[in-house]
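One structure is given below, encoded as structure tokens.
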Amino acid sequence: MDKSVLIIGSGFGALTSALRLSKRGFKVEIVEKFNKPGGRLNQITKDGFIFDMGPTFFSMTYEFDEFLRDTDIKSGVKFKELETLYAVNFRGSKKNYFIHKDLDKLAEEFNSLEPNFRDKMERFLNAGGNFFNDVENKVLKRNYDSLWSYFYAMATVPPKYSPRLFRTVWSEMERYFDSREVKEIFSLVAFFLGGTPFDTPAIYTLLSYTELKHDGYHNVEGGMYNIVKDLVKEIKNKNIKIHYNTEVVGYKSENGKLKAFTDQSGNEWSGDIFLVNSDAAFFRHKIFNRKAFSEKKLHNMRWTLAPLTLYLGIDKKINNVPLHNYFLGDNFKEYSKKVFKNSIKLEKPYYYVNVVSRSNPDSAPEGHDSLFVLCPVPDLRYKPDWSDKEIITNNIITDLSERMEINLHKHIVSQTVMTPEDWGNNFNLYKGSGLGLGHNLRQIGGFRPKNYDEKYENVFYVGSSTLPGTGLPMALISSKLVVERIIKKYGHIST
């Protein structure tokens, strides 16, 4: 007998889950609040320029390969591995530190700052690699039915790693390196998770291993949004319908099961099974009104930093800036510790720049460049008023102009700014938090919101605020885990 699945949202986790479920014989339908698919993996097209809205690189590409094998899809997505991952510049210095995957080249960048850098980095990466290999399948890629099942999984991990749970990324860096610059640069992995090096557990230094020694970083030929286009093409081939501009605002239930979600126009969307790709914690609060996810409890949870994003089209080529760039200041500890709760002014913010047209020439007209700027900022709990966005935007552009030695103000021909308010409104992100729930000890593994509902047996969750965590590879793993859970309950459906 056919079983229907209604998926709420069309982010990366939703699209991959839809294709996994369709392969297993389920009839799938998707409703999406935004006007096009992809969630935060989206695209802005304006004034002849094309910008990836959110993620700008992909790691752990073997998870995408596993997905393709699982669904028997022949993908048109072409990954391009980066040998130079990114560059880092400190305010007041013209020196750019280039982060190469080749450790010999990397050592040349830092030997003057950090004697015996290569040996130190080798030991640091080996430690991260050992931990990654010991937890990837034992802890990361598995479902948990209870806290006890999580504790049991953790018990299989060698106890030598326990101290990493209680150290921070920064304190782990201090165990291996002496140079301030080296510690600051290689602790940036915490910002990739939407946190800071001073509040993110040291276990996440394994990300340095994944970027430098494991699968590395990859760009997508033609832009990151080509992943979404490729998936949507397959979804159409499977006759899976996506309904846009459709926001879930209510629900109907009966005898412990969900019967339907209702949208903003009063339409009912029914199914046998429901898979929610909207934020797993915020959805439980906003739609289901769960006490465990009350406004007070959400407020007290650790959320990731919010994004302030700029999409700039300029009327000239910038040839002296690499693809991925981090622009830091001279007060790293103070800034990191205070920016989360808006206790430092954003006059001289830290930010990331992706020269989009460097990897995707079609993203800008001939002789032009397209720039994506991401500045991690406080979420709306700590900075609810963004009436000063033009001032902050001007500060960033002025600072970037000085560092690039070009007056960007005179060359910008297209400009779009998205504040945490915009991100929150477009994608139902709690207080504009960019990557959902953070990754402290009380919000990882079995402590994250479950990928199955506590009350309705036919409701499940996929995405950043449930297992296993945030990021594109984690969304892929999340889709695999939730589909495993659905199959365990309902079995494969005959086609």
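The values are calculated or read from the model by the stated rules, or taken from the named source; none is laboratory data. Predicted, not measured: the structure shown is a model, and the values here were computed from it. Cβ sites come from the backbone with ideal geometry, for glycine too, and all protein chains shown count toward neighbours.
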Which of the residues belonging to the stretch 167-213 are out of contact with any strand residue (DSSP E or B) (no Cβ under 9 Å at 6 or more places or on another chain), free of Cβ contacts under 8 Å to residues at least 60 places away in the same chain, basic (Lys, Arg) and over 20 Å from Asn331 (Cβ atoms)? Arg175
Contacts under 8 angstrom Cβ, first residue in the stretch 387-407 being β-branched (Val, Ile, Thr), partner part of a helix (DSSP H, G or I) and surrounded by 12 or more Cβ atoms within 10 Å (Cβ to Cβ), 6 or more apart: Ile397/Leu408
What do you reckon, is Gly446 in the same structural domain as Ala14 (by TED's automatic domain parsing) and at positive phi? no
Does the stretch 198-222 hold any residues that are of a type outside the set (A, V, I, L, M) and either buried (at least 22 other Cβ atoms within 10 Å of the Cβ) or not in a loop (DSSP other than H, G, I, E, B) (or both), and which are they? Thr200, Pro201, Tyr204, Thr205, Ser208, Tyr209, Thr210, Glu211, Tyr217, His218, Asn219
So, of the residues in the stretch 334-375 that are closer than 22 Å to Asn320 by Cβ and small (Gly, Ala, Ser), which turns out to be surrounded by the fewest Cβ atoms within 10 Å (Cβ to Cβ)? Gly367
Looking at (1) among the hydroxyl-bearing types (Ser, Thr, Tyr); (2) buried (at least 24 other Cβ atoms within 10 Å of the Cβ); (3) within 15 Å of the chain's Cα centre (by Cα), can you tell me which one Ser17 breaks? (3)
Just a yes or no: is a residue in the stretch 87-105 in contact with a Pro (Cβ under 6 Å, 6 or more places away or on another chain), modelled with pLDDT of 95 or more and either on the phi < 0 side of the Ramachandran plot or not charged (D, E, K, R) (or both)? yes
Taking the stretch 399-420, which residues are part of a loop (DSSP other than H, G, I, E, B) and either buried (at least 19 other Cβ atoms within 10 Å of the Cβ) or among the basic types (Lys, Arg) (or both)? Thr419
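Pick out the one residue from Tyr335, Tyr352 that is modelled with pLDDT of 95 or more and under 25 Å from Asn440 (Cβ atoms).
Tyr352 is the lone residue from the list that is modelled with pLDDT of 95 or more and under 25 Å from Asn440 (Cβ atoms).
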Any pair with Cβ under 7 angstrom, 6 or more apart, that starts in the stretch 369-383 at a residue that is touching a residue at least 24 places away in the same chain (Cβ under 8 Å) and under 13 Å from Trp423 (Cα atoms) and ends at one that is acidic (Asp, Glu) and not in a strand (DSSP E or B): Leu380/Glu421
